[in-house]
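Participant: Structure incoming, see below.
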Amino acid sequence: MRTSKLVGIAAALLVAVAASLVFVLGSRTGDGAGGPRAWTDVSPERLAGMLAEGDPFVVNVHVPYEGEIPGTDAFIPYDEIGARLAELPSDRGADIVLYCRSGRMSTEAARALVAEGYTSVYNLAGGFEAWGAAGYELLRREGVPGA
């Protein structure tokens, strides 16, 4: 009887730990270098909700230009974002959404913004490829910086 009670407690504890990990890993996880990450990956659906509910500052960091999400506020190459902070909101707590084609470049840009003290940084998981695959509009136009 005592063994089955211990097994039940251990199973409950394991479930609680697993649920906690799912929550933590789903929003803020390690940066791949073992350190904490202070930006949040968002799905296309969550980004669409953010755009409908508010006015986050949206930045396309992909180079070269291959497309954009409607309502994009700025086009700043991922590897120049730290040098072009003047093009971003001066409030380092403002919601800033970064995206690229697949998510790799925007992850690098998110890391740079966090290092610069930005506290409300979002990264579109899967980039505009995921955005388009989810059925949302993706624009491709001529004359955009980096095109």
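Participant: Is it true that some residue in segment 124-131 is surrounded by fewer than 20 Cβ atoms within 10 Å (Cβ to Cβ), closer than 20 Å to Ser43 by Cβ and of a type in the set (A, V, I, L, M)?
Facilitator: Looking for residues that are surrounded by fewer than 20 Cβ atoms within 10 Å (Cβ to Cβ), closer than 20 Å to Ser43 by Cβ and of a type in the set (A, V, I, L, M), one finds at least one in segment 124-131, hence yes.
Participant: If you check Glu45 against the conditions, is it free of Cβ contacts under 8 Å to residues at least 24 places away in the same chain, assigned by TED's automatic domain parsing to the domain that holds Ser106 and either closer than 17 Å to Glu108 by Cα or not hydrophobic (A, V, I, L, M, F, W, C) (or both)?
Facilitator: No; evaluated as a whole, the condition is false for this residue.
Participant: While we're here: Test each condition in (1) without any contact (Cβ under 8 Å) to a residue 40 or more places away in the chain; (2) in the same structural domain as Thr40 (by TED's automatic domain parsing) for Glu142 and report the one that comes out false.
Facilitator: With respect to (1) without any contact (Cβ under 8 Å) to a residue 40 or more places away in the chain; (2) in the same structural domain as Thr40 (by TED's automatic domain parsing), Glu142 is out only on (2).
Participant: Give me the residue from segment 21-74 that is among the hydroxyl-bearing types (Ser, Thr, Tyr) and at pLDDT 50 or above and, out of that set, nearest to the chain's Cα centre (by Cα).
Facilitator: For segment 21-74, the residue satisfying everything is Thr40.
Participant: A further question follows. Taking Leu88 and the conditions (1) closer than 19 Å to Trp39 by Cα; (2) surrounded by fewer than 16 Cβ atoms within 10 Å (Cβ to Cβ); (3) not charged (D, E, K, R), which numbered condition does it fall short on, given that it satisfies the others?
Facilitator: Every listed condition holds for Leu88 apart from (2).
The values are calculated or read from the model by the stated rules, or taken from the named source; none is laboratory data. Treat the numbers as computed from the prediction; the structure is a model and nothing was measured. Because the Cβ atoms are built from the backbone with ideal geometry, glycine has one as well, and the counts that use them run over all protein chains shown.
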